Protein chains: 2
Amino acid sequence: MKLLNQYPNIQKEMDIVQELLIKTVQSRQPLVKKTAVEAISSKGKRLRPLLVILSAMLGEYDSKTILPLAAAIELIHTATLVHDDIIDESKLRRGRESIQSQWGKDVAVFTGDFLLCKAFFMISQNGKGNQKDFSRFIQAIKIICEGEIQQYDFRYKTNITIRQYLKRIAAKTAILFSVSCYIGALQAKCSKKIIHALARYGMSFGMAFQITDDVLDLTGEISLLGKPVHTDLLQGIYTLPIIYTLQHSRYSERLKKLLQKEEHGQQYLSEIYDLVNQSGGVEYSKQLAQKYLIRAEQAIRILPDCDSKKIMIQLLEMILDRTM
Amino acid sequence: MKLLNQYPNIQKEMDIVQELLIKTVQSRQPLVKKTAVEAISSKGKRLRPLLVILSAMLGEYDSKTILPLAAAIELIHTATLVHDDIIDESKLRRGRESIQSQWGKDVAVFTGDFLLCKAFFMISQNGKGNQKDFSRFIQAIKIICEGEIQQYDFRYKTNITIRQYLKRIAAKTAILFSVSCYIGALQAKCSKKIIHALARYGMSFGMAFQITDDVLDLTGEISLLGKPVHTDLLQGIYTLPIIYTLQHSRYSERLKKLLQKEEHGQQYLSEIYDLVNQSGGVEYSKQLAQKYLIRAEQAIRILPDCDSKKIMIQLLEMILDRTM
């Protein structure tokens, strides 16, 4: 990440995380090795490990315990991405062909499981505070799974509420950002106050991140996202801008009719986009994302001035401009 | 299992495992709860929890620590089954419609992950010997994943060797049986000698179990298996009887030609079966399964006479007659 050019000490830690990731996913089975290495080699932003490191730097930072945790969180995230791609039969992920598209569902399911195991193994090998970390991690993954299944359960339902949407993205995205901050701070023995501030930051950060992602999936700039656009819509997953429009008396009926159409060409997508835009759905979503960004910034105001705090604020700005 | 009618104390423990399973997979998310409960409610034989309990009974048996471990192993097994069904797009599992066939891949992927998390959580909550158990479990799952991916990698390869097949079934099946015995005995503080005897029993038991399963998949008795037959063959997964025949100079070429055919009706399957039978492939496989059963029996000869030992021997006989 460009941002880290100014912080060579943090970039160095991130480089070690990358090495750890590559080292961890080795397997004697050649295809496993290939797919696992591929899954973690793709150009992810590594936001979760970064948040672990930044949070830990606010306490007694010990790279020997922190970096494996940071890597483990990235492995968990990668595992859920690999599994996610099976579901939406995604052909691209992080700008590359997805595991499932290249090797089939078979390999993707077990590559994901393999990565998950490796993550658990790293955490279990990690001496300090084992038990507590562990439960947090597992809770987080459990919530992610519930979020993903809930997302499926709400497919094609035009009566989904904004509240239900927010709960869903909290589960499927924000919780892991929050846990990243929490675990880093906990390991580094930060005060309770700081731990909770960071966990709140992670949560709001994650909410803003996902809403922005959902807006971009609709407005559709493939070059920015590194993955196909409109995938949510085409799978019946209605995100905030759509849900907002569905609740807007003036646009609701027209949108419902469009969503029922079987034909899904470019024309169809543009029509939907126009409607959502007119209703103010895009604008509303952007504003809500901004609210979360402000909330995230407020959460970490109590932190002392330091590089971690500076970078955390810069990360918020990057979501706002979506330059990452 | 009928066998346990004569051992009400063990049946009681197994009933508690069942209750624990149901209790563990609860979720606030209604669909998650439904699919997870369904996955563990199907009529599995619960062989792995039984082996954990029987093994632990050879030492200082403490149901408070043993039963959660037994349940956790069953959860891991169930998770891999759910994921397995996505891969082979299986419509039946344990005589019921599979999760993926009922709810789609989406739900199946994350139901499997959810079950895996719950298993890890149970293990992590389990006080004694935490770390060591844990690593064993994770190693086992990692090996299962590698086995499954290897299976995929060898699809449609007619030059697969018997050795490669044995390695594959060791990874995908036998290892979890072995770990079940090992963990039970370890927790109950059995002597090293007994722990290793039990682990060897589990390994040979698992090998015999899988070879028998593979033979039945070919000879095709759906009522016994509770799952569709010939699925392996139709997916290009060649099991022992096929591999044996492929290496038989007299039948090899004819079988290869048959396997290349695109038409897969009943006639085709019968032709293959006849060829494999004539070559002695079915007989060879049955004999090899029997060798493993003998090996399993030999492994536990050193055990003192007790219910555990008796049941373990009865289990071997049940595989031989395949009455379970």
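The values are calculated or read from the model by the stated rules, or taken from the named source; none is laboratory data. The structure presented is a predicted model; accordingly, all values stated were derived computationally and were not measured. Reconstructed Cβ throughout: ideal geometry from the backbone, glycine too, with neighbour counts over all protein chains shown.
What to note about this one:
- Test: residue in the stretch A:43-50 that is of a type in the set (A, V, I, L, M, F, W, C), closer than 25 Å to A:Ala174 by Cα, surrounded by fewer than 24 Cβ atoms within 10 Å (Cβ to Cβ) and modelled with pLDDT of 95 or more: yes
- Number of the exception - A:Glu74 against (1) assigned to a loop (DSSP other than H, G, I, E, B); (2) at pLDDT 85 or above: (1)
- Residue check for A:Asp133: more than 9 Å from chain B (Cβ to nearest Cβ) and either at pLDDT below 75 or crowded, with 19+ Cβ neighbours inside 10 Å (or both): yes
- Extreme residue, nearest to B:Thr173 (Cα to Cα), among residues of the stretch B:19-34 that are buried (at least 18 other Cβ atoms within 10 Å of the Cβ) and at pLDDT 85 or above: B:Leu21
Conditions (1) at pLDDT 80 or above; (2) more than 9 Å from chain B (Cβ to nearest Cβ); (3) touching a strand residue (DSSP E or B) at 6+ places or on another chain (Cβ under 9 Å), marked per residue:
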site: A:Gly95; (1), (2), (3): no, yes, no
site: A:Ser98; (1), (2), (3): no, yes, yes
site: A:Val109; (1), (2), (3): yes, no, no
site: A:Leu116; (1), (2), (3): yes, no, no
site: A:Gln151; (1), (2), (3): yes, no, no
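- Test set (1) in a loop (DSSP other than H, G, I, E, B); (2) at pLDDT below 80 - A:Arg250 fails condition number: (2)
- Number of positions in the stretch B:20-59 that are in a helix (DSSP H, G or I) and either more than 14 Å from chain A (Cβ to nearest Cβ) or in contact (Cβ under 8 Å) with a residue 40 or more places away in the chain (or both): 23
- Qualifying residue in the stretch A:180-196 (condition: within 14 Å of chain B (Cβ to nearest Cβ) and on the phi < 0 side of the Ramachandran plot): no
- Residue within the stretch A:214-223 that is farther than 28 Å from A:Ala299 by Cα, touching a Leu at 6+ places or on another chain (Cβ under 6 Å) and modelled with pLDDT under 85 present: no
- Test: residue in the stretch B:254-267 that is over 20 Å from B:Thr161 (Cβ atoms), of a type in the set (Asp, Glu) and either under 27 Å from the mean Cα position of the chain (by Cα) or assigned to a helix (DSSP H, G or I) (or both): no
- Looking only at the stretch B:234-247, residues that are part of a loop (DSSP other than H, G, I, E, B) and hydrophobic (A, V, I, L, M, F, W, C) come to 1 in all.
- Which numbered condition A:Ile302 fails, given (1) surrounded by fewer than 22 Cβ atoms within 10 Å (Cβ to Cβ); (2) assigned to a helix (DSSP H, G or I): (2)
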